[in-house]
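S.K.: Take this structure first; my questions come after.
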Amino acid sequence: MRTTVGIIGGGPAGLLLARLLHRTGIDCVVLESRTRAYVEQRQRAGMLEQGTVDALRECGAADRLDLEGLTHHGIELRFDRERHHIDFPVLTGGRTVTIYAQTEIVKDLVALQLADGPPLLFQAEAIAVEKPERDAPLVRFVHEGREQTLSCDYVVGCDGSHGIAHNAFPAGTSRTYAHDYPYSWLGVLAEVPPSCEELIYARGENGFALHSMRSPAVSRLYLQVPIGTDLRDWPDERIWDELAARFAIDGDWRLERGPITSKSVTSMRSCVHEPMRHGRLFLAGDAAHIVPPTGAKGLNLAVSDVRVLARGFAELHRTGSTGLLDRYSEMCLGRVWQATRFSYDMTRMLHAQPDGDAFEHRMQLARLRRITASRPAAAELAANYTGLPLAL
Ligand code: RFL
Ligand code: PHB
């Protein structure tokens with residue numbers, strides 16, 4: 001098999017890149033190790049920046065998003081049993097965010113790709129990228145029980161945080177910066193209308209809680225839990241009781257309860273691989289960087305990476321110049337580090353330290369008070385949350 005751009009991974013990054021390339025007449029092949037049902041059900045992100053929505057619209061993948069996506073004008077911060085609204089349009093000159101689940105984006109992109117797009121192979125597991133320094137790098141993969149080779153002009157590793165593409169960077173050509181946080185998130189999906197109109201980020205006495213949503217009928221909620229938490233210790237009633245305690249305020253507000261349809265525990269990590277390119281191999285999305293979900297940046301960063309990359313390939317196709325592709329890593333990393341900083345700050349401001357350090361708790365409350373009392377401090381949060389501009 002031969003193609004211009006070999007894409008490893010059929011998550012949001014790989015699928016969107018394939019769509020953007022297809023629209024500029026560049027051929028590609030997507031290799032995805034899992035089944036279609038698996039990638040369409042994997043519960044993850046929900047909050048989209050405007051730039052992410054624009055990218056999906058640009059490539060004709062936003063029909064359902066435009067009908068079903070929920071526009072949000074801000075978030076709520078809760079601490080000390082008080083609620084505070086952060087108004088995005090007022091603080092950013094009109095920007096908003098959209099709630100639309102990653103599962104739905106993946107379904108929309110897979111449907112388009114299978115209808116008229118370049119090949120997308122499920123249960124095709126890449127095992128190695130070879131010769132990324134040469135003109136024709138290879139991807140070795142296993143599909144239908146057979147080892148096969150995809151010969152490419154370029155390879156893009158969109159294979160997530162457990163992928164293999166980064167293994168093809170020879171020793172000494174890259175560096176990984178990582179930080180592990182001393183807590184995890186327990187996430188649930190519940191068939192109950194959200195108890196709020198906007199997302200609530202709460203710093204309760206016992207730790208962090210987040211109220212998000214998937215639709216007017218489905219809530220998505222998260223709780224900070226210790227590393228190593230066993231879901232068997234968290235029956236539904238315990239989850240609802242703990243959420244209710246962390247969201248509690250002085251005043252009228254109630255957390256509605258309903259049937260929980262899925263539960264999972266996620267660890268919290270920041271990680272950046274530098275550079276994001278070696279020869280003709282590029283990394284994009286979670287394959288290149290991960291952030292803790294507190295800032296809702298992971299999917300949005302993946303989308304901005306592939307937008308930059310798609311423009312680079314389009315320029316090469318049109319003019320023969322590799323100018324933009326050569327600057328890919330540098331152009332993305334500025335944004336990646338800003339999102340890494342924002343996610344780190346949000347995470348540290350809202351989670352209880354496992355050792356219960358009382359000084360640290362006071363510092364967190366002082367930071368939260370500053371944001372809710374000072375317009376420039378709130379504007380800084382709003383600018384980062386709604387998305388920093390794409391450097392193009
Ligand atoms: P993905 O989605 O992990 O996709 C990678 C794909 O590559 C496949 N793969 C391989 N295929 C072939 N050969 C191999 N050897 C392969 N190895 C792996 C995998 O099967 C998979 O299909 O990475 P991508 O495309 O870079 O997308 C990144 C996003 O998924 C991720 O950043 C977000 O989900 C993060 N995230 C959030 N991001 C946001 O922007 N807003 C949010 O509100 C938000 N909430 C979240 C989140 C992540 C969470 N978890 C579970 C970590 C909430 C949570 C709880
Ligand atoms: C989600 O809806 O899953 C979500 C929203 C905002 C976050 C993290 C997750 O910060």
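The values are calculated or read from the model by the stated rules, or taken from the named source; none is laboratory data. Remember, it's a predicted structure, so these values are computed and weren't measured experimentally. Quick reminder, even Gly has a Cβ in these numbers, built from the backbone with ideal geometry, and neighbours come from all protein chains shown. Protein only, heavy atoms only, side chains kept; ligands, DNA and RNA dropped before computing areas. Shrake-Rupley method; radii C 1.70, N 1.55, O 1.52, S 1.80 Å.
S.K.: In the stretch 97-114, what residues are touching a residue at least 60 places away in the same chain (Cβ under 8 Å), within 14 Å of ligand 1 (Cβ to nearest atom) and not in a strand (DSSP E or B)? Please lay out each step first, then the result.
M.R.: At the first step, the residues of the stretch 97-114 found to be touching a residue at least 60 places away in the same chain (Cβ under 8 Å) are 97, 99, 101-103, 105-107, 109-110, 112-113.
Now drop any that are not within 14 Å of ligand 1 (Cβ to nearest atom), which leaves 97, 99, 101-103, 105-107, 109-110, 113.
Residues satisfying the conditions are Ala101, Gln102, Thr103, Ile105, Val106, Lys107, Leu109, Val110, Gln113.
S.K.: Okay, next question. Being closer than 25 Å to Gln102 by Cβ, away from ligand 2 (no atom under 13 Å from the Cβ) and either open to solvent by less than 20 Å² (accessible area, probe 1.4 Å) or without any contact (Cβ under 8 Å) to a residue 40 or more places away in the chain (or both): is that true of Phe208 here?
M.R.: So Phe208 does not fit the description; no.
S.K.: Among the residues of the stretch 36-54, which ones are open to solvent by 30 Å² or more (accessible area, probe 1.4 Å) and farther than 24 Å from Val188 by Cβ?
M.R.: Arg36, Gln50, Asp54, listed by residue number.
S.K.: Name the residues in the stretch 224-264 that are among the aromatic types (Phe, Trp, Tyr) and in contact with a His (Cβ under 7 Å, 6 or more places away or on another chain), would you?
M.R.: Restricting attention to the stretch 224-264, the residues satisfying the condition of being among the aromatic types (Phe, Trp, Tyr) are 234, 240, 247, 253.
Listed by number, the list holds a single entry, Phe247.
S.K.: Quick check on the stretch 115-163: of everything there that is within 12 Å of ligand 1 (Cβ to nearest atom) and outside any strand (DSSP E or B), which residue is surrounded by the fewest Cβ atoms within 10 Å (Cβ to Cβ)?
M.R.: So, considering only residues that are within 12 Å of ligand 1 (Cβ to nearest atom) and outside any strand (DSSP E or B), the one surrounded by the fewest Cβ atoms within 10 Å (Cβ to Cβ) is His162.
S.K.: What number of residues in the stretch 256-281 are hydrophobic (A, V, I, L, M, F, W, C) and open to solvent by 20 Å² or more (accessible area, probe 1.4 Å)?
M.R.: If we filter the stretch 256-281 for residues that are hydrophobic (A, V, I, L, M, F, W, C), which is where we start, we get 260, 265, 268, 271-272, 276, 281.
Next cut, open to solvent by 20 Å² or more (accessible area, probe 1.4 Å) only: 260, 265.
Of the residues in the stretch 256-281, 2 are hydrophobic (A, V, I, L, M, F, W, C) and open to solvent by 20 Å² or more (accessible area, probe 1.4 Å).
S.K.: Let me ask another. If we keep just the residues of the stretch 175-213 that are of a type in the set (Val, Ile, Thr) and in a strand (DSSP E or B), which is farthest from ligand 1 (Cβ to nearest atom)? Give the derivation first.
M.R.: Restricting attention to the stretch 175-213, the residues satisfying the condition of being of a type in the set (Val, Ile, Thr) are 176, 188, 192, 200.
Okay, now just the ones that are also in a strand (DSSP E or B), so 176, 188, 200.
On the way: Thr176: 16, Val188: 11, Ile200: 14 Å.
Here the residue is Thr176.
S.K.: Right, next: Condition first: open to solvent by 60 Å² or more (accessible area, probe 1.4 Å), in contact with a strand residue (DSSP E or B) (Cβ under 9 Å, 6 or more places away or on another chain) and assigned to a helix (DSSP H, G or I). Now tell me which residues in the stretch 13-35 satisfy that.
M.R.: His22
S.K.: Name the pairs whose Cβ atoms lie under 8 Å apart, with the first residue in the stretch 328-347 and closer than 21 Å to Gln224 by Cβ and aromatic (Phe, Trp, Tyr), the second part of a helix (DSSP H, G or I) and open to solvent by less than 20 Å² (accessible area, probe 1.4 Å), and 6 or more positions between them or separate chains?
M.R.: Phe342/Gly295; Phe342/Asn384; Phe342/Tyr385
S.K.: If you scan the stretch 271-301, which residues turn out to be within 14 Å of ligand 2 (Cβ to nearest atom) and either in contact with a His (Cβ under 8 Å, 6 or more places away or on another chain) or at negative phi (or both)?
M.R.: If the condition is that a residue be within 14 Å of ligand 2 (Cβ to nearest atom) and either in contact with a His (Cβ under 8 Å, 6 or more places away or on another chain) or at negative phi (or both), then Ile290, Val291, Pro292, Pro293, Thr294, Gly295, Lys297, Gly298, Leu299, Asn300, Leu301 are the ones that fit.
S.K.: Which of the residues that make up the stretch 332-371 are out of contact with any Ser or Thr (no Cβ under 8 Å at 6 or more places or on another chain), hydrophobic (A, V, I, L, M, F, W, C), over 14 Å from Glu205 (Cβ atoms) and surrounded by 14 or more Cβ atoms within 10 Å (Cβ to Cβ)?
M.R.: Hits for the stretch 332-371 are Leu333, Val336, Trp337, Ala339, Phe342, Met349, Ile371.
S.K.: Looking only at the stretch 282-297, which residues are near ligand 1 (Cβ under 8 Å from one of its atoms), surrounded by 24 or more Cβ atoms within 10 Å (Cβ to Cβ) and part of a helix (DSSP H, G or I)?
M.R.: Gly285, Asp286, Ala287
S.K.: Would you check which residues across the stretch 164-174 are assigned to a loop (DSSP other than H, G, I, E, B) and closer than 26 Å to Phe122 by Cα and list them?
M.R.: Pass one, the stretch 164-174, residues assigned to a loop (DSSP other than H, G, I, E, B): 164, 169-174.
Those that are assigned to a loop (DSSP other than H, G, I, E, B) and closer than 26 Å to Phe122 by Cα: Ile164, Phe169.
S.K.: Also, quick follow-up: Name the pairs: first residue in the stretch 133-150 and of a type in the set (Val, Ile, Thr), second residue open to solvent by 100 Å² or more (accessible area, probe 1.4 Å) and at pLDDT below 95, Cβ to Cβ under 9 Å, at least 6 apart or on different chains?
M.R.: If the second residue must be open to solvent by 100 Å² or more (accessible area, probe 1.4 Å) and at pLDDT below 95, the pairs left are Thr149/Met1.
S.K.: If you don't mind, another one. Scan the stretch 312-356 for residues that are of a type in the set (Lys, Arg) and over 15 Å from Val272 (Cβ atoms) and report the count.
M.R.: Result for the stretch 312-356: 3.
S.K.: Within 28 Å of Cys158 (Cβ to Cβ) and crowded, with 22+ Cβ neighbours inside 10 Å - does that describe any residue in the stretch 314-330? Full working, then the answer.
M.R.: Initially, the stretch 314-330 is screened for residues within 28 Å of Cys158 (Cβ to Cβ), giving 314-330.
Then drop every residue that is not crowded, with 22+ Cβ neighbours inside 10 Å, which leaves 328.
The answer is yes; a qualifying residue exists.
S.K.: Suppose we filter the stretch 36-57 for residues that are near ligand 1 (Cβ under 6 Å from one of its atoms) and in a loop (DSSP other than H, G, I, E, B); how many remain? So that I can check it myself, show each step before the final result.
M.R.: At the first step, the residues of the stretch 36-57 found to be near ligand 1 (Cβ under 6 Å from one of its atoms) are 39, 44-47.
From the residues that got through so far, the ones that are in a loop (DSSP other than H, G, I, E, B) too are 44-46.
So the answer is 3.
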